[in-house]
1. Among the residues of segment B:1-60, what is the count of those that are near DNA strand C (Cβ under 10 Å from one of its atoms), touching a Cys at 6+ places or on another chain (Cβ under 9 Å) and closer than 22 Å to residue B:100 by Cα?
2. Output the residue which, of all residues in segment B:56-85 that are surrounded by fewer than 19 Cβ atoms within 10 Å (Cβ to Cβ) and within 14 Å of another protein chain (Cβ to nearest Cβ), is farthest from DNA strand D (Cβ to nearest atom).
3. Taking segment B:1-54, which residues are buried (at least 18 other Cβ atoms within 10 Å of the Cβ), under 19 Å from residue B:85 (Cβ atoms), away from DNA strand D (no atom under 11 Å from the Cβ) and within 14 Å of chain A (Cβ to nearest Cβ)?
Protein chains: 2
Amino acid sequence: MRFMSDAAQTYPPVEELRLPKVLAALADPARLAAVRALATNGESACTALQMEAGLRISRSTFSHHQRILREAGIIRAEVRGAQRILSLRRDDLDICFPGLLEAVVSADAAHVTG
Amino acid sequence: MRFMSDAAQTYPPVEELRLPKVLAALADPARLAAVRALATNGESACTALQMEAGLRISRSTFSHHQRILREAGIIRAEVRGAQRILSLRRDDLDICFPGLLEAVVSADAAHVTG
DNA sequence: ATCGACGGTCGATAAGGATCGAACAGTACG
DNA sequence: CGTACTGTTCGATCCTTATCGACCGTCGAT
């Protein structure tokens, strides 16, 4: 038996993506920073991403955010050894919401940081 | 002296728009429906927009949503007689977040309704 | 002046979510 | 085996927010 439930690695299929949930996931400053960092740096493990995004929060809080992003369909988690490599689901998002990720990622930093 | 505070008519200038706040405003299904209806029908008064968006909520709740959208910088309110005409701030949003409104509005309905 | 329609504000309530520390499980390496 | 590292889960806390009904001000028409 495994410790981490299967739900910790799975993410919704394309046809189940919902705009309100995606927007809610992106609306949190910490999650938005993580997504923008992922878009810039490609895939990253959790702790590395947390650094890249400049997030000074506890591991449990980051785990929470990562879960929200995954359940919204924005990121995917791949287990590699002891690490979980996170990456954007660019293609799936572009199919359901063309232009959305691009708009969110390319927004000028001045209008992102509150 | 007027009853409605000035804040009920004012909205933030372009340079104060912030992506997390805009996304949070759009993340609510009722507000998202209102924005999409506004994009389709052009400007509308509050009660009319509520009908167009198919929102069966109380007037006070709609007033709350309208306020969130206005304070996020997504809509503008113009007083015409006894009515408040609501409209999208397309140009301002396109300046700060190019492609965002378009993406949100043109998303397929299947991926919008939960 | 009164009446009805339009909407905003207030106070209460209930539900959701961000945050943390502690405890736990899987992996890698000596 | 034991240690260090990675990340999840749990429970508690605190804050935010969606919702409503009741009340009130403004406007246009009667």
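1. So the count comes out to 0.
2. Result: B:71.
3. Hits for segment B:1-54 are B:35, B:36, B:53.
Throughout, read-outs are computed from the coordinates displayed, never taken from laboratory work. Treat the numbers as computed from the prediction; the structure is a model and nothing was measured. Because the Cβ atoms are built from the backbone with ideal geometry, glycine has one as well, and the counts that use them run over all protein chains shown.
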